[in-house]
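What follows is a single structure, written as structure tokens, with notes after it.
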Amino acid sequence: MLGNPHRTEQREAGTIVGEEIRARVEQVRRRIAEAAGRAGRRPGDVELVAVSKAVPISRIRDAVDAGVTALGENRVHEAREKVPLLESPAVTWHLVGHLQTNKGKLAVELFDLIHSVDSLKLAHVLDRQGATLGKRVRVLIQVELGGEPTKSGIRDEHVIPLLHACRDLSHLAVEGLMIMPPFREHPEEVRPFFRQLRELRDRAGDAGVGQHLAHLSMGMSHDFEVAIEEGATLVRIGTAIFGERPQD
Ligand SMILES: *Cc1c(COP(=O)(O)O)cnc(C)c1O
């Protein structure tokens, strides 16, 4: 088995865990490919973001050894500890959790894609940080759909105005929309949320502000296949790869 040669001893101690993560990654990839196939899409149209919040770096390395190329974290400070530890330059880091404006600078430094922009104020902060660092900050807009109980995100009716306003921000690249629907027992029950997000993206296109919205970040361990059938390009999967997290 291919592994990081610098970690032979650690690997031996953690062989079972490493093998189990590899098997889980492979199984998730198979399920992604099958869901894409059902929707007439190619597996390569869907990127797996392994959500590694609360997961120690050794297990994250196991996932990277198993072929994971994108990692998702929900806390900026946790990511600050982990990012320097993972010496895999090919891996991209995604912020999937809520971002406070006072952590904007750190987020821009650490992450390749921020999924959770939910206000014009935050968009301005990130744009300014991008200008300072001379980089374009890649983001998604996190959407709260009508009828959904208190999750973070900007209400759907405010999304198109926000996209309009973001056009003036030259260091911000808005690349899509993200949603975290409420948990429902049966994945079919969240299908309408995923469909509405896709339709909102299409409406933004019709309104002339959505041409660059290539991404729909939707679907987690419980419901990613339904999300892929509805057009997800980024699925954020934690438990199905790393197992249950300690309660947070
Ligand atoms: C934790 C988390 C996930 C992954 O959830 P699982 O159910 O473990 O797959 C996805 N997206 C966000 C925003 C999260 O916070």
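The values are calculated or read from the model by the stated rules, or taken from the named source; none is laboratory data. These numbers were taken from a predicted model, which means no experiment stands behind them. So basically every Cβ, Gly included, is an ideal-geometry build from the backbone, and we count neighbours across all protein chains shown. Side chains included, ligands, DNA and RNA excluded: accessible areas come from the protein's heavy atoms. Shrake-Rupley method; radii C 1.70, N 1.55, O 1.52, S 1.80 Å.
Carbon and sulfur: what percent of the chain's accessible surface (1.4 Å probe)?
Values: 6020 of 11930 Å².
Within the chain, the accessible surface is 50 percent carbon and sulfur.
Please report how far the C-alpha centroid of the stretch 123-147 lies from that of the stretch 217-248, rounded to the nearest whole angstrom. Centre-to-centre (Cα) distance: 23 Å. Accessible surface calculations at 1.4 Å, restricted to protein heavy atoms, place the chain at 48 Å² per residue.
Which residue fluctuates the most in the chain, going by a Gaussian network model with Cα springs under 10 Å, if the choices are Val49, Val139, Val190? Comparing Val49, Val139, Val190 in the GNM, the peak value goes to Val190. The listed residues His94, His171, His164, once ranked by accessible area (1.4 Å probe) with the largest placed first, stand as His164, His171, His94.
Taking the chain on its own, what percent of its Cα-Cα pair distances exceed 32 Å?
So the portion of pairs separated by more than 32 Å is 20 percent.
A DSSP coil position with no more than 14 other Cβ atoms inside 10 Å describes the following chymotrypsin sites (Phe, Trp or Tyr not before Pro) in the stretch 152-197: Phe183.
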